[in-house]
Amino acid sequence: MKRIKGGEEDSKSSTSESPTEACKKVRKQTGEESEAAEVGESSGIDWARLPQELLLHLFQYLPLLDRAYASQVCRRWNQAFHMPELWRCFEFELNQPASSYLKATHPDLIKQIINRHSNHLQYVSFKVDSSTESAEAACDILSQLVNCSLKTLGLISTARPSFMEVPKSHFISALTVVFVNSKSLSSLKIDDTPVDDPSLKVLVANNSDTLKLLKMNSCPHVSPAGILCVADQCHGLRELALNYHLLSDDLLLALSSEKHVHLEHLRIDVVSENPGQHFHTIKKSSWDAMVRHSPKFNLVMYFFLYEDEFGPFFNEEIPVTHLYFGRSVSKEVLGRVGLHCPRLVELVVCANGLRPLDEELIRIAKHCTQLSAIGLGECEVSCSAFVEFVKMCGRRLSQLSIMEEVLIPDDKYSLDEIHWEVSKHLGRVWFPDTMPIW
């Protein structure tokens, strides 16, 4: 037992404390010291007495499982494990062992979070596999987050169908709990979910002043009127991602209104569900209004169309900055891209066919003066045309990803010679790719 030094201190403690209280105090001190001694025995450092702020900083760098192990070292480390600051950001990983090799958040930990830390959560995401069971488990957790005010929410499916197989009423009910209780939601990622127009109205009614990012690609139950409601009332919206069928002239004009902040990022996925699908046309005047209001915004477009479905696109000037063709695209369409996409910064063509793209590539280099990145897959370009393209673009081409089989040797350059010629114009060493990196 530790002896209390100093007569004055001893006399004070004897007059102010009862024998029982004194014994408890000594036992407590002895317990803390023995606990600290066990922790620091091997290193000579009193790890149990690290400042709380330092413990918090250290715990933030640990994976969740390691953090849980560390919480068993001593009482103070266990207290640090439950500090609210460590639970503001959390990703629930929900996977079925029979159908997924990914790790999953332990059910006991989920219960502990809901019971003890739900009011601390602010930045939450759910990563689920393709099973309906995992998606339903995510909805069950969302339904219980009634005491938290989330700032960001992401629902991520590692494979389809996931959330789309959950009963719509179950999903909407769970999402509504978050929309109603959050009040300060700034970022929402709900791709491939059965969200609908009424639930978006609830979102707007409770979070219109704070919402800045909304990603909702492949949400078939949302109509153009539903997304227009969001744009009309969420004037702080800076990033938006959606499918082309939700894009309209009214939406672009709403995003271009004086009340709305400058948009920074607009992503549009143009996807064909069935061959021969009809696509509407967006007026050039609507795009012009968008550029006048937000002159620096990025317009990212992903095309997954069949060749005969490109009729409504690239007939007039369009302010696209990043353009990706996931399926085969014709020479004619790429020619129109060169004429009508002056803001183009990045272009990726995964496939074209067997006709060389010499003229189209030269046209793109001439008219798309901001182009700095290009990737070509299953296409054909003569070596001479490719060198001319690189020469016209010069050193602004920060990324040049061209498959080796794309380049066709001609009477001016062989495959061995083109490496040196292109490197000379780029100002750095360059080689063709042997496999796509985009």
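A few notes on this one:
- Set against the 2.2 N^0.38 Å expectation for a compact globular protein, the chain has a Cα radius of gyration ratio of 1.35.
- With the whole protein complex present, T434 retains an accessible surface near 110 Å², based on a 1.4 Å probe.
- Neighbours of E165, meaning other residues whose beta-carbon lies under 14 angstrom from its beta-carbon, give a summed charge of -2 when Lys and Arg score +1 and Asp and Glu score -1.
- Where labels lie 7 Å past Cα in the beta-carbon direction, separation of E165 and L339 in nm: 4.8 nm
- For the chain, size of Cβ-based charge dipole, Lys and Arg +1, Asp and Glu -1, in debye: 1640 debye
- Peptides 343-351, 290-298 ordered by packing proxy, namely the average of other Cβ atoms within 10 Å per residue, highest first: 343-351, 290-298.
- With a 1.4 Å probe rolled over the protein heavy atoms of all chains, the accessible area of Y324, Y69 falls in the order Y69, Y324, largest first.
- Residues whose amide H comes within less than 5 Å of that of V329, counting only those at least five positions distant or on another chain, are A351, N352 (H built at 1.01 Å from N in the peptide plane).
- Extension gain (nm, one decimal) between S118 and V73, 0.36 nm per residue minus Cα-Cα: 13.7 nm
- Residue-normalised accessible area of the chain, given per residue in Å² at a 1.4 Å probe: 51 Å²
- Where both bridge residues fall in segment 50-180, DSSP classifies roughly 0% of the beta bridges as antiparallel.
- Per-residue SASA entry for C379, accessible area with 1.4 Å probe, Å² rounded to 10: 10 Å²
- With all protein chains in place and a 1.4 Å probe, the accessible surface of the chain carries 52 percent carbon and sulfur.
- Label-point separation in nm, L354 to E85, each point 7 Å along Cα→Cβ: 6.6 nm
- For D46, the solvent-accessible surface with a 1.4 Å probe is about 60 Å², rounded to the nearest 10.
- For S223, residues with placed amide H under 5 Å, excluding near neighbours: D197
- For the chain, calculated [θ]222 nm from helices alone, where every DSSP H run of n ≥ 4 adds -39500 (n - 2.57): -11500 deg cm²/dmol
- Segment 154-290: C-alpha gyration tensor shape, a/c 1.5 cut-off, then a/b vs b/c: oblate
- Centre separation in Å (Cα based) which lies between segment 380-438 and segment 208-230: 42 Å
- For the set K103/K189; K212/K283; K127/K284, the pairs lying more than 32 angstrom apart at their alpha carbons are K127/K284.
The values are calculated or read from the model by the stated rules, or taken from the named source; none is laboratory data. Owing to the predicted nature of the structure, the values given are computational and were not obtained by experimental measurement. Backbone-built Cβ (ideal geometry, glycine too); neighbour counts: all protein chains shown. Areas reflect the complete protein model, heavy atoms only, side chains present, ligands, DNA and RNA absent. Shrake-Rupley method; radii C 1.70, N 1.55, O 1.52, S 1.80 Å.
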